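Notes follow the structure.
Read-outs: derived from the displayed coordinates by stated rules, not from any lab. Please read all numbers here as calculations on a predicted model, not as lab measurements. Cβ sites come from the backbone with ideal geometry, for glycine too, and all protein chains shown count toward neighbours.
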Amino acid sequence: MGGSFSPPTIGHLNTGLTIAAQLSLQHPGATINIYYVPVNSAYNKASVKEAYISTADRLALLELLLVEGRRRCPAANFILADHEAVAGAAIKTYDSITLLTDKYAIPCTDKIYLAVGQDNIEGLLKGGWYKWQELLAGFNFIIFPRDCSAADKGRLRDALSASANAPADLADRLTIIDAMSDGVSSTCLRSAIADGRLADAGALTLPAIMEHIASNRLYLAAA
């Protein structure tokens, strides 16, 4: 699961817990590894630039989130994969997966799921990503839809599978689950901190993360 995680929110935690629960149901007895992959500071977002927040602080904050993930779901492994964050430049998704599988010696027989939003999978099916054909053909997808009713999920699966660029077996490799963010976002959290609304900010993330942010005077200005 990739993102800026600047800063991490309870939405990021709940998303990982939801993925772990779903994959445990689909693959009973299997080892479930949830990789959180923070983007490089060269990514086109002000909230990850070194002048705004150091990579070291972003990684420290994310690790605090994953500690809680491990506590709540000890059956899954919540792993901070920092290969993008410490790289010298932004990395494309396909290349990031290659680095991930090499770094963690993930066997080629393991099933790899890419956790993406509906907009992302739709963009992928339009051929808008680097090595989009390889991504569509080689991986499974966990999708967070814009609409979460059972009927909406069914229609989304049918629509994605019917896309002109969809591989014949794509429907079998799609897992569509509810997004658990409840409107929580890093943008809202940063704004609350910058505005001094600490009670609002505290409701969006974990106490340990708020403590690190306060102790190091992070996010005092809007990105």
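Computed from the C-alpha gyration tensor, the three semi-axes of the ellipsoid equivalent to the stretch 25-68 are 29, 12, 6 Å, from longest to shortest. Below 18 Å, Cα to Cα, which aspartates and glutamates can LYS111 reach? Residues fewer than 8 away in the same chain don't count. Straight-line reach from LYS111, under 18 Å: ASP95, ASP102, GLU134, ASP169, ASP172.
For SER163 and ASN33, compute 0.36 nm times the residue count separating them, minus their Cα-Cα distance, and round to one decimal in nm.
Net length gain for the segment: 43.8 nm.
The share of alpha-carbon pairs in the stretch 64-105 lying farther apart than 13 Å comes to 61%. Using alpha carbons only, the radius of gyration of the stretch 101-223 set against its Kirkwood radius gives Rg/Rh = 1.10. On full extension, the segment bounded by ASP95 and ASP110 gains 3.6 nm, given 0.36 nm per residue less the C-alpha separation. Using 0.36 nm per residue and subtracting the Cα-Cα separation, the extra length available between LEU25 and ARG217 on full extension is 65.0 nm.
Taking 8 Å as the Cα distance limit and 6 or more residues as the minimum spacing, I'd like the relative contact order of the chain as a percentage.
Details: 301 pairs, mean separation 52.5, N = 223.
Result for the chain is 24 percent.
Based on alpha-carbon atoms, the Kirkwood radius and the radius of gyration of the stretch 1-160 give Rg/Rh equal to 0.95.
Highest mean first, what order results for 17-30, 97-110, 56-69 on Cβ atoms within 10 Å? Please list the in-between numbers first.
On the way: 17-30: 14.4, 97-110: 11.9, 56-69: 19.0.
Output ranking for 17-30, 97-110, 56-69: 56-69, 17-30, 97-110.
Backbone phi angles across the stretch 135-142, fed through the Karplus curve with coefficients 6.51, -1.76 and 1.60 (θ = phi - 60°), yield HN-Hα couplings of 5, 5, 7, x, 9, 9, 10, 9 Hz in residue order; Gly and Pro are listed as x.
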